[in-house]
1. Quick check: the distance between the Cα centres of segment 156-210 and segment 325-388, to the nearest angstrom?
2. Set the Förster distance to 45 Å, then compute FRET efficiency between residue 205 and residue 69 from the Cβ-Cβ distance, nearest 0.05.
3. What's the magnitude of the charge dipole for segment 82-239 around its Cα centre, counting Lys and Arg as +1 and Asp and Glu as -1 at the beta-carbon? Answer in Debye, nearest 20.
4. How much length, in nm to one decimal, is gained on full extension between residue 118 and residue 253, taken as 0.36 nm per residue of separation minus their Cα-Cα distance?
5. Enumerate the helices in the chain for which the Kyte-Doolittle hydropathy averages 1.6 or more and the C-alpha atoms extend at least 27 Å along the helix's axis, using complete DSSP H runs.
6. Excluding same-chain pairs closer than 8 in sequence, count the lysine pairs in the chain whose Cα atoms lie under 30 Å apart.
7. In a GNM of the chain with a 10 Å cut-off on Cα contacts, which of 345, 372, 165 has the highest mean-square fluctuation?
8. Counting only the backbone N, which residues of segment 178-221 are under 15 Å from the spot 7 Å out from the Cα of residue 111 toward its beta-carbon?
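Computed from the coordinates by the stated procedures, all read-outs in this text should not be read as laboratory data. Just so it is clear, the structure is predicted and the values come from calculations on it, not from any experiment. Ideal geometry is used to build each Cβ from the backbone, glycine not excepted, and the neighbour counts take in all protein chains shown.
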Amino acid sequence: MRVAAPGIHGRRLLPMYDQALLFVIAMIAAMGLVMVFSATITTAELSRQTQFDSLFYFKRHLIYLGIGVLLAMCVFAVEMRTWQKAAPWIFFGGIVLLALVLIPGIGLKINGARRWIRLGVVSLQPAELMKLAVVLYAADYTVRKAAFMHSWTKGLFPLAAVIILAGSLVIVQPDLGSFAVMCAITAGILWLGGMRVRIFLGLIAPVAAVFFALIWFVPWRLQRLVTFMDPWNKPMADGYQLTHSLMAFGRGEWFGVGLGAGMEKQGYLPEAHNDFLMAVIGEELGFIGVVAVMLLFAWLIWRAFLIGRQAIALDRVYSALVAQGIGVWLGTQALVHAGVSMGALPTKGLTLPLMSFGGSALITICLTLAILLRVDFENRLLMRGKPV
């Protein structure tokens, strides 16, 4: 059923870009910059690796954000039809990068995981770029195969095969969290693209079985699950990270201990500046701060789905699926990050989009949001009666 595009009768009053969306994106990015600074100032000041520079992580995060914004401006200028044509090639390029990561001498191994490619003084994490590639490719595939969304063999299996290939390369890094996000993106786009309910529901059992096997037959993943069930059983061993995250939230109470006054970030909570940034927010800004951050993300995700709905009303199916796929991605990752930090989900390393420290993740999210803004921009052009 067609839905009337909001604002289509007020063409002259419609601004050329979504000012509120851009403002919320800037708010999230600014909060991330502040919280990364707060989460790292003590550990950076005491670390020989950072040359005892208290602003080390802050400056790098600011540089990554600046690069992300500059690249986002370039990406915004690219038409959506170009992204659709390039989607298969972008996905293939992502597969190649994921394969290169696994080659010793090319892939960089840190803390037992081989997830990065060294590029001079910086490193690239292909799994982050692959999330965007999955959005673009799954949306393109769904549009091209719209007539076969009722079929297992012609509709589901070809896409499932290439996602499994990409997922396999991610899992052996190992990075189960990124694989889960890729699955969520694909499933969301297929559902929104019109896949029949019986076929979609038929996916649940095999996907659940795969994740069960990946956890049950890998001892350290199984141990994480056991620890999640009772982190206080071994608070100084396997449960150390989660218990300190929970203590951070407990100290924060309603309004927090104050920005910069948190204790857990001072060498107690590992990965406080990326995988557990929400715990720092909970301790320093309290329940109110956590709710404020989640509301900003909720608005951003709602807006992504609304932009997609507007695109559907304008017969721009590919753009609609890209916008809503982005919403699924950001929503899944933000919820998993928050859930892990609060002990509601088993410990898994996923950054808080646009806020956590990490060059590849931050730059990729900037590019992704630029594409979302581009979808909205083209919607507005059509609403004004101008060609895209």
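1. 19
2. Approximately 0.55, to the nearest 0.05.
3. In debye, rounded to 20, segment 82-239 gives about 280.
4. 44.5 nm
5. Helices meeting the span and hydropathy rule in the chain are 19-46, 197-216, 277-313.
6. 21
7. Among 345, 372, 165, the largest mean-square fluctuation in the Gaussian network model of the chain belongs to 165.
8. Label zone hits: 178, 221.
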